[in-house]
Amino acid sequence: MPMLSSLVLTAVLQNTITQPHIRSRNELRDGYYELDLAWYIFPETHPLATLANKAAWEPIGEVDQEFLNSLQSLDQKPTAPWSLAIKPTLSLYRTNLISILYDRYEYTGGAHPNSMTYTFNIGLINGEPKRLKLGDILAEGVKESDVLEGFVRPRLSKLRRDRTGEGVESLPIATHEKFIITKNGLTFPFDKYSVGAYAEGDYLLKLKWSDLRGLINKSIIPEAVL
């Protein structure tokens with residue numbers, strides 16, 4: 001199929017599939033804690049629904065229970081209410097590909113609140129739903145290190161040098177699976193503490209498809225040839 005036709009077909013299918021909806025949980029115990037959680041529920045008719053719904057719940061179920069268990073261990077009312085907020089952003093939603101970023105904010109009485117991100121990408125690989133790592137979307141013969149060491153670390157080093165004067169010697173271990181897919185390229189979020197001190201803040205590295213020309217499997221992501 002010509003590439004232009006493939007792009008048009010992808011756009012048409014994306015507009016015709018049933019959209020997911022957001023489910024939320026809000027809970028407040030005055031003076032003790034506040035929960036503000038949200039996650040996506042994908043329609044059963046979507047080819048990736050079973051795996052996507054399982055992945056979408058993970059950041060909520062695990063963190064929610066951990067937070068409440070910690071709260072119950074307190075001997076007395078906290079000096080300031082604890083809070084936990086988790087919000088999702090749907091980065092890409094297609095019949096063969098789903099990409100989501102979760103933002104988490106948490107305060108549990110320390111010197112400062114903490115924030116972090118979760119990501120998941122699910123796609124159809126050889127007709128089977130799969131939770132994707134970077135290697136799953138690369139063209140044949142391309143290694144994860146070609147992208148991580150060839151593009152991600154050098155550009156992240158530049159971002160950090162501009163901010164602190166220091167580069168990045170090595171990437172976090174999970175970088176090959178902590179990214180989101182957008183219509184314009186790949187985005188790698190780096191949370192506080194992941195590459196530097198808390199005071200540095202977080203980093204968000206974006207790579208355009210044009211940066212990665214020839215490195216991405218165009219049968220999974222047709223835009224990658226643009």
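Exceedance of the 26 Å cut-off in Cα-Cα distance is limited, within the set Lys77/Lys178; Lys77/Lys192; Lys133/Lys218; Lys130/Lys218; Lys130/Lys192; Lys143/Lys206, to Lys77/Lys178; Lys77/Lys192; Lys130/Lys192.
Under 8 Å for C-alpha pairs, at least 6 residues apart: give me the relative contact order for the stretch 133-226, rounded to a whole percent. If you can, show how the numbers build up before the last one.
On the way: 124 pairs, mean separation 25.7, N = 94.
Averaging sequence separation for qualifying contacts and normalising by length gives 27 percent for the stretch 133-226.
For the stretch 43-53, the Karplus equation 6.51 cos²θ - 1.76 cosθ + 1.60, evaluated at θ = phi - 60°, returns couplings of x, 4, 6, 6, x, 9, 4, 4, 6, 5, 5 Hz by residue, with Gly and Pro reported as x.
Rank the residues Asp202, Asp75 as a footprinting-exposure proxy: fewest other Cβ atoms within 10 Å of their Cβ go first.
Numbers: Asp202 16, Asp75 4.
Ascending Cβ contact count within 10 Å gives the list Asp75, Asp202.
Once you keep just the Cα pairs under 8 angstrom separated by 6 or more residues, what percentage relative contact order results for the chain? Before the final figure, lay out the partial values.
On the way: 377 pairs, mean separation 33.0, N = 226.
That works out to 15 percent.
Quick one: which residues, 5 or more positions from Thr119 or on another chain, have an amide H under 5 Å from its amide H? H modelled 1.01 Å from N in the peptide plane, none for Pro or chain starts. Close amide H contacts, sequence-distant or interchain: Tyr102.
In terms of its C-alpha gyration tensor, the stretch 101-225 has an oblate overall shape, because the principal axis ratio a/c (a ≥ b ≥ c, square roots of the eigenvalues) is not below 1.5 and a/b does not outweigh b/c.
Mean separation of Cα pairs under 8 Å and 6 or more residues apart, divided by the residue count, gives the stretch 103-159 a relative contact order of 17 percent.
No value in this document is a laboratory result; all are computed from the given coordinates. Quantities reported herein were computed from a predicted structural model and do not represent experimental measurements. Every residue, glycine as well, gets a Cβ built from its backbone with ideal geometry; the counts of neighbours run over all protein chains shown.
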